[in-house]
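Asker: This is the structure, below, for whatever I ask next.
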Amino acid sequence: MKSLFQIYSLITILFTVSIVARPLPIQNFKYKKEISIQTKNSSNQIVKVLLDDEFYKHSYYGDLRVTKNGEIVPYKIQNAEEISKYTEKLKPELLFTKKDDMEVYVLELPKLPEGMSYSKLTVSSDFDYETSITLKLGDNPNSFYETKNVFLYKYGSQTSGEIDLGNTKYRYLRVEVENGSNLKFPSVTRIKGNKNLYFEKIQPIPNPNLEENSVLFTFPNENQSSFQTLKLSFEEKNWERYITVRAKINKKEWDTVFQGTINHKENEGSFAEIPIVSPVNSEFTIEINDGENETLHLKEVITVQPLEEILFFTDSDTESQNYVLYYGNPYQWFANFDPYTYPSSDELREKTPIEAKLDKEIENPDFGYSLIYPPISGYITTILFYLGIFTLLFFIFSILKSKRLVAKEIV
């Protein structure tokens, strides 16, 4: 009985070690950056911070954490965009109208230049009204793919006056309203889309290593430029090849970050893009499998890193608050915050975020792995696990041995 109690106690200790290894101390992060907030305003402001190249060089992406006076701040991460303020108003063409049980209007919008979309349709009337509108959007008057219901009104000088088109590229609108509304559509607004931001670097082409059915290029990436996309350009215009991209992990092991067939045609431009499964900032190789085809001639390689930004809420008194970005922990799990604790898409549309900047990277003076956190906790847990197995086997062997002695004495 005593032996069984000891075994149970040992198993309890092993499970307890696993459970307590969950808190996140800042001492586990090797690098940090102070966050400088440019302005201070009323409470519940949104702060936007653009991540820089230094972060990508030393971060493991899932280890990004923001603190305020030492406490964790929930954040949202998204691709950074260049916000376009260009808008223009045009007059839609009324193709058809019908007024019997219901009023029906069919509108054609002007052709869209590349990179633009329609955002709002202006609605007016000579009389006061309130009505529910069914709006349908499509590529032509015979096919409508989207439908939305909108309530509009005009009470004297007060009017809703606009229909949100949701940045659509559809050019044909069908408006169905109650009879007697007598609507007019003086203008439609089109806007230029936001542009994603990137930083790119041209990589010098190294001498190729010719193998039996493939060509291998090794890029030292000496400045540790981070990237999540590769752009390849060949002298040949039309081609299809099986390509493998590998990157060095911890300066020792190679890891495959892309493997698959890429098909490129001349009308697709000069470059073929290869997505990478996770950010790379180390030496990498590109292997092009030619099979029995002629060898392709690699002309240019560009590494592309999409710029990203983090957004979080701040209080009004920023002077007494110290915001810090921590990173540099390969064992840290991805952040999982309650979606109500960081800015939502609706809040970002309603409020203009405060611009903040990351200061120069410094090594965390408090860095040092704790006994109860990875990786040390993993080593300890493994040691205790095997120790527990050996102890359990020892107890089982001792029990079997004692039973044999008892059996011999009885005989």
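The values are calculated or read from the model by the stated rules, or taken from the named source; none is laboratory data. Note that the structure is a prediction, hence the values are computed from the model and not measured. Here the Cβ positions follow ideal geometry from the backbone for every residue, glycine too, while neighbour counts run over all protein chains shown.
Asker: Tell me the residue from S233, S181 that is in contact (Cβ under 8 Å) with a residue 12 or more places away in the chain and either in the same structural domain as N267 (by TED's automatic domain parsing) or outside any loop (DSSP other than H, G, I, E, B) (or both), please.
Answerer: After ruling out the rest, the residue left standing is S233.
Asker: For the subset of the stretch 332-364 comprising residues that are of a type in the set (D, E) and not in a loop (DSSP other than H, G, I, E, B), which member is nearest to F29 (Cα to Cα)?
Answerer: So the residue we want is E363.
Asker: While we're looking at this one, here's another question. Of the residues F127, F151, only one is in a loop (DSSP other than H, G, I, E, B) and under 13 Å from S181 (Cα atoms); which?
Answerer: Being in a loop (DSSP other than H, G, I, E, B) and under 13 Å from S181 (Cα atoms) holds for just one of F127, F151, which is F127.
Asker: Let me ask something else about it. Take the stretch 97-124 and flag every residue that is within 27 Å of E176 (Cα to Cα) and either of a type in the set (D, E) or free of Cβ contacts under 8 Å to residues at least 12 places away in the same chain (or both).
Answerer: T97, K98, D100, D101, E103, E108
Asker: Same structure again: Return the pairs, sorted by first residue and then second, in which the second residue is among the small types (G, A, S) and at pLDDT below 70, the first residue lies in the stretch 364-387 and is farther than 16 Å from D63 by Cα and crowded, with 16+ Cβ neighbours inside 10 Å, the beta carbons are less than 6 Å apart, and the residues are 6+ apart or on different chains.
Answerer: If the second residue must be among the small types (G, A, S) and at pLDDT below 70, the pairs left are S377/A21.
Asker: Related question: Restricting the first residue to the stretch 57-70 and requiring it to be of a type in the set (G, A, S), which pairs with a second residue that is in a strand (DSSP E or B) meet a Cβ separation below 7 Å and a spacing of at least six or different chains?
Answerer: Note: pairs meeting the criteria are S59/Y327.
Asker: Of all residues in the stretch 188-210, count the ones that are in a loop (DSSP other than H, G, I, E, B) and in contact (Cβ under 8 Å) with a residue 60 or more places away in the chain.
Answerer: 5
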